[in-house]
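Worksheet: one structure, shown below.
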Amino acid sequence: QEQSAVDSYGDQRTFAAQQDGEGLVLRDPEHNVETFDFGFGDPAVDADALPGTIIANPPDWSPGAVSAHANAIQVARFLRTVVLRNNIDGRGGPMTSTINCVVQSASGGPKEWANAFWNGTQMVYGQIRNGEELLSLSANVDVVGHEIFHGVTGSTARLEYRAQSGALNESYSDVFGTIIANLGNEDPRTWDWLIGERLFPNREALRDMADPTRFDQPAHMDDYRDLPVTQNGDWGGVHTNSGIPNKAAYVLLTTEEPDGALALTPHEVSAVYYIALTQRLSRTSQFVDARRASVASARSFLRGRPRDERDRKVAAVEAAFDAVGIA
Ligand code: ASN
Ligand code: ZN
C-alpha cells in the first residue's frame, strides 16, 4: 500500500507499507524492506531483543522511521536497477532497520547516541540531540547506503575490518553511499561529496571524499596512518585511511577527457566498483588489490566497447589510483 509521510529533513516521501494483524506496518513487500523501533533500548546489552517492534500505524510514523524506511528502499532500488543485485544478500533477503537505539556506554546522555552500524544482520540507528529535537542517523541517505554496503561487503568480499582491508571496507561503503545519494545528477563535478552532512549541530560532516584532509583523513599513501589494530586505534585507522581510496574514487568519478566529457559515467564507475567488490576482492585484500581489481573489472565490463574507448577508460582508472599513490 503506497503511503506518503514527512521524513527527518521535512521532505515528503512515498513508500510502501503493508496491512497486517498489527495494522499498517513499515514493511515494503516488493523490496523486502522493514523498519523497527527499539524504544531507546541498548542493542549492545539487549541484542536478543533486536530487531525490536515493527513500526505500525501512520500516526506513529516518526520522521526518523520514515527516513530509515524510505532511504533503505532507495538503496534497494539502486541495488536492483544499477548493479543488478537482489537486496543485501543477493537473494532478496530482508533489509531490516531498527531506529531509536542507544548504546549507554558510549552515549552522551539518555536518548543520545550519535552513531549507526551494521551488526552483521541489520542496520542499527541512534540519534543526535539538537536542542529538544532528536534527529535519527537514518536521516541521511549516504549514511544509510554506507551501512547497507557493510552488509553487501559482508556477504561478498568480506574485507576484514582492520588496517588496509578495513579501510577498503569503509571506503566501499562511503563510495556507494555517495553515489546513491547523488544519482539523480549525472555530473559528479557538481555532486555533494560530504558523508554525513546535515546531521551534527557542531560538525559540517563526518568526511569529505573530495578533500579527505578537511576531516583529518589522509588523501595519499604518503600520509597513510599506521595506527594500532585495537578498538582505540580504530582497528588500524579504518575510518582514517579510507580517505585514500575515497579520494581515488572522487578523482575517477570526476576525470574529464580533453574534450571536457566525463571519462566514465557514474553508472560505469558503479559497475566497475561493484564487480571489484563482489567478484575480485577477498578478506585480506589490500589497497593495491583494489586497484588491480578495479582495472580488471573495467576491462571486462567494457569489453564490448571500441578498443580506443575501452583503453581510455581503463587508463582513467589507473590514473585515479596513481593520483593517491596506490601503485
Ligand atoms: N558508523 C560506523 C560505521 O559504520 C560505526 C562503526 O561500525 N564503527 O563505520
Ligand atoms: Zn562504516
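Brief remarks on what is shown
- Fully extended contour minus Cα-Cα distance, from N115 to T213, at 0.36 nm per residue: 33.1 nm
- Remark on A16: its backbone amide H falls under 5 Å from those of Q3, a criterion applied only to residues 5 or more positions apart or on other chains, H modelled at 1.01 Å from N.
- Under 5 Å from the amide H of L24 lie the amide H atoms of N57, each residue being 5 or more positions distant or on a separate chain, with H modelled from the backbone and absent for Pro and chain starts.
- Computed from the Kirkwood radius of its Cα pairs, the Stokes-Einstein diffusion coefficient for segment 265-323 at 37 °C and 0.692 mPa s stands at 286 µm²/s.
- Fraction of antiparallel bridges per DSSP, the chain only, in percent to nearest 5: 75
- Taking other Cβ atoms within 10 Å as a rough exposure proxy, L194, L252, L84 sort from fewest to most as L84, L194, L252.
- Trypsin sites (Lys or Arg not before Pro) within segment 120-218, DSSP loop, no more than 14 other Cβ atoms inside 10 Å: R198
- Each of D37, D289, D223 has some number of other Cβ atoms within 10 Å of its Cβ, and from fewest to most they run D223, D289, D37.
- ³J(HN,Hα), Karplus 6.51/-1.76/1.60, whole Hz, each residue of segment 300-309, x for Gly, Pro: 6, 5, 9, 4, x, 7, x, 3, 5, 5
- Cα centre as origin, Lys/Arg/Asp/Glu Cβ charges: the chain dipole, Debye: 1120
- The eigenvalues of the Cα gyration tensor, multiplied by 5 and square-rooted, give segment 2-139 an equivalent ellipsoid with semi-axes of 23, 17, 15 Å from largest to smallest.
- To the nearest ten degrees, helix 266-279 and the longest principal axis of the Cα atoms of the chain are 80 degrees apart.
- For segment 131-144, backbone phi angles converted through the Karplus equation (6.51, -1.76, 1.60; θ = phi - 60°) give residue-by-residue couplings of x, 7, 7, 10, 10, 6, 5, 7, 4, 9, 5, 6, 5, 4 Hz, Gly and Pro being listed as x.
- Applying 1/(1 + (r/R0)^6) with r as the Cβ-Cβ distance of D311 and T284 and R0 = 35 angstrom yields a FRET efficiency of 0.70.
- Annotation note: trypsin sites (Lys or Arg not before Pro) in segment 1-107 located in DSSP loop regions with a Cβ neighbour count of at most 16 within 10 Å are R91.
- Across segment 10-25, coupling constants 3J(HN,Hα) worked out from phi with the 6.51/-1.76/1.60 Karplus curve, θ = phi - 60°, read x, 8, 6, 10, 10, 6, 8, 10, 10, 7, 9, x, 8, x, 8, 10 Hz, and Gly and Pro carry x.
- Likely footprinting exposure, M95, M209, fewest C-beta neighbours within 10 Å first: M95, M209
- Projecting the Cα atoms of V102, N119, Q74 onto the dipole axis of segment 2-139, where Lys and Arg carry +1 and Asp and Glu carry -1 at the beta carbon, places Q74 farthest toward the positive end.
- Hydrodynamic radius by Kirkwood, which averages 1/r over all alpha carbon pairs of the chain, in angstrom: 20.2
- Three-way shape label, segment 177-327, alpha-carbon gyration tensor, a/c 1.5: oblate
- Of every Cα-Cα pair in segment 157-230, the percent that sits beyond 20 Å: 40
Taken together, the values in this text are just the output of simple stated rules run on the coordinates, not laboratory data. Everything quoted here is computed from the prediction, not taken from an experiment. Counting neighbours? That spans all protein chains shown, and the Cβs are built from the backbone with ideal geometry, glycine included.
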